[in-house]
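A.B. asks: Got a structure for you, written out below as structure tokens; questions coming shortly.
The values are calculated or read from the model by the stated rules, or taken from the named source; none is laboratory data. The structure displayed is predicted, hence computed values, not measured ones. Note: ideal-geometry Cβ built from the backbone for every residue, glycine included; neighbour counts use all protein chains shown. The area values use the complete protein model at the heavy-atom level, side chains included, leaving out ligands, DNA and RNA. Shrake-Rupley method; radii C 1.70, N 1.55, O 1.52, S 1.80 Å.
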Amino acid sequence: MAGKFELYQDKAGEWRFRLKAANGEVIASGQGYASKSGAQGGIESVRRNAADAEVVEVDA
């Protein structure tokens, strides 16, 4: 089973998404969006950019 994006509205009324691995563990979450379409755009941005994203180490 593949991972999945969950799209939901939080208690404050903002739209959010989280990416869950096949085992149900949350592996990424998005910021709060004013609209459902904004959160869907965030999901699409992750889909477009994550596959080829470079991994860099930074100082905290």
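A.B. asks: Roughly speaking, to the nearest percent, how much of the chain's 1.4 Å accessible area is carbon and sulfur? It would help to have the intermediate numbers written out before the result.
C.D. replies: On the way: 2260 of 4690 Å².
C and S atoms contribute 48 percent here.
A.B. asks: Which one, (1) -0.72; (2) -0.80; (3) -0.88, gives log10 I(q)/I(0) by the Debye sum over Cα atoms at q = 0.21 Å⁻¹ as derived from the coordinates shown?
C.D. replies: Identified label for the calculated read-out: (3).
A.B. asks: Rolling a 1.4 angstrom probe over the protein heavy atoms, how many square angstrom per residue are accessible across the chain?
C.D. replies: Details: 4690 Å² over 60 residues.
For the chain, the per-residue accessible area is 78 Å².
A.B. asks: Also: At R0 = 30 Å, how high is the FRET efficiency between ALA2 and ASP59 if r is their beta carbon distance? Nearest 0.05 is fine.
C.D. replies: 0.30
A.B. asks: Quick one: length gained pulling ALA34 to ALA50 fully straight, 0.36 nm per residue minus the C-alpha distance?
C.D. replies: Extra length from ALA34 to ALA50 when fully extended: 3.4 nm.
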